[in-house]
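Structure record follows, encoded as structure tokens.
The values are calculated or read from the model by the stated rules, or taken from the named source; none is laboratory data. All of these numbers come straight from a predicted model, not from anything done at the bench. Cβ atoms come from the backbone with ideal geometry, glycine included; neighbour counts cover every protein chain shown.
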């Protein structure tokens, strides 16, 4: 006679990864905010790359390109983690505008102001990521914790490098 498990077989639509549905929903919601901040930061950095002028043009143009490229690659990682948790990733400007803590910059600021905006946006994105740790730790969600740690390292280092440009 075949042995029967106390656990029921998972259906195609169910997720049984050891994190409750409620915890997965809260984490996915927080990651959606991180994705929105990250996308807004990506757009801001790319915009500044295109429009920077002045004596630091070449340095900033190159730096911004490296930063927006890194940010672009991170978007997929964040969105795919949301999907792995069983939720749709936001993907429209309307959704990002509602979810992001970073506000768009109007017009084309001077180069130094661009750097200040980017410092603020990098720090805001780091704060958004950091706020998720209590949820992630409570749920023992190590993959999301790893993602957050990696993002924090990038955002904090980038903010430091940008701040260094503002010193006399």
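Based on this model, can you work out whether residue 142 counts as under 18 Å from residue 159 (Cα atoms) and either surrounded by 13 or more Cβ atoms within 10 Å (Cβ to Cβ) or modelled with pLDDT of 95 or more (or both)? Outline the logic, then answer.
Details: under 18 Å from residue 159 (Cα atoms): no; either surrounded by 13 or more Cβ atoms within 10 Å (Cβ to Cβ) or modelled with pLDDT of 95 or more (or both): yes.
It is false that residue 142 is under 18 Å from residue 159 (Cα atoms) and either surrounded by 13 or more Cβ atoms within 10 Å (Cβ to Cβ) or modelled with pLDDT of 95 or more (or both).
Residues checked against (1) closer than 20 Å to residue 142 by Cβ; (2) in contact with a helix residue (DSSP H, G or I) (Cβ under 6 Å, 6 or more places away or on another chain); (3) modelled with pLDDT under 95; (4) part of a loop (DSSP other than H, G, I, E, B):
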{"site": "3", "(1), (2), (3), (4)": "no, no, yes, yes"}
{"site": "6", "(1), (2), (3), (4)": "no, no, yes, yes"}
{"site": "10", "(1), (2), (3), (4)": "no, no, yes, yes"}
{"site": "13", "(1), (2), (3), (4)": "no, no, yes, yes"}
{"site": "24", "(1), (2), (3), (4)": "yes, no, no, no"}
{"site": "28", "(1), (2), (3), (4)": "yes, yes, no, no"}
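In the stretch 137-168, what residues are within 19 Å of residue 101 (Cβ to Cβ) and under 15 Å from the mean Cα position of the chain (by Cα)?
Passing the criteria: 144, 147, 148, 151, 152, 154, 155, 156, 158, 159.
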